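Here is the structure we will look at.
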Amino acid sequence: MANSNSPPTGCDPVSSLRFGLMLHQVREALIRRLESRICQPDLDINFSQFRVLKALHEGRASTASEIARCVGHDAGALTRLLDRLVERGLLRRQPRTTDRRQVDVMLTDAGHAVAQRIVCAAAESISDALRPLTDDEHTALLGMLDRILVALDEPPAAGAPGHPDGSPDAHAASAAKTR
């Protein structure tokens, strides 16, 4: 008999799909809750703009290409998004003094103020989501999600699809290279 810490054996497609669907639904519900707070007339920020402002506010990016990587946008969509935020006075672009080919993207004073407010709105939205949980359940949930992230960052197990050990996916990829 497996203990409670043992990974599930076999593959239960219904359970796996439900897990993925639930994660998606939780993400979408969090985004809706956040957007209900940040789409107010005094802020008027959508989720994509939120992600850009938050990345800059947290210092995770300073150029358009870094922002694109951070938020998962292609360069064209990001340029239009940045243009709108510049027009609203929340961002400014400034060529680097050491390399004028590089352009830094920075929050303006107004951008810092908005970023602070939307970060607080995000914290409130997450608090809303976690409110039904006890402190122990909250801690347990975070621990489980951490373990799932670690597992997903590891390479696939031997024999699993995508592992270069002779699994069907590896053979298909190898055959495609030799054609």
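For segment 11-35 and segment 91-135, what is the separation of their Cα centres, given in Å?
Taking the Cα centre of each part, segment 11-35 and segment 91-135 sit 25 Å apart.
What is the sum of charges, Lys and Arg at +1 and Asp and Glu at -1, for the other residues whose Cβ falls under 13 Å from the Cβ of M106?
Working: positive: R92, R93, R96; negative: E66, D104, D109.
The answer is 0.
So for segment 37-131, taking the charge dipole from beta-carbon charges (+1 Lys/Arg, -1 Asp/Glu), which of C70, C120, Q102 sits furthest toward the positive end?
Q102
Report the label-to-label distance for D83 and S48 in nanometres (one decimal), using points 7 Å from each Cα along the Cα→Cβ vector.
The two pseudo-label positions are separated by 1.2 nm.
Using the Cα centre as the reference, give the magnitude of the dipole from point charges on the C-beta atoms of segment 64-149 (Lys, Arg: +1; Asp, Glu: -1; all else neutral), rounded to the nearest 20 debye.
On the way: 12 positive and 13 negative charges, 132 e Å.
For this selection, approximately 640 debye.
Multiplying the sequence separation of R131 and Q40 by 0.36 nm and subtracting their Cα-Cα distance, what value in nm do you get?
Values: separation 91, 0.36 × 91 = 32.76 nm, distance 2.32 nm.
Contour length minus Cα-Cα distance gives 30.4 nm.
What is segment 37-131's relative contact order, in percent, from Cα pairs under 8 angstrom and six or more apart in sequence? Kindly include the intermediate steps, with their values, before the conclusion.
Working: 95 pairs, mean separation 25.4, N = 95.
Answer for segment 37-131 is 27 percent.
Where a number appears in this text, it was derived from the coordinates with a stated rule and is not lab data. Everything numeric in this text was worked out from a predicted model, so none of it was measured. Neighbour counts are summed over all protein chains in view; Cβ atoms, including those assigned to glycine, are modelled from backbone coordinates with ideal geometry.
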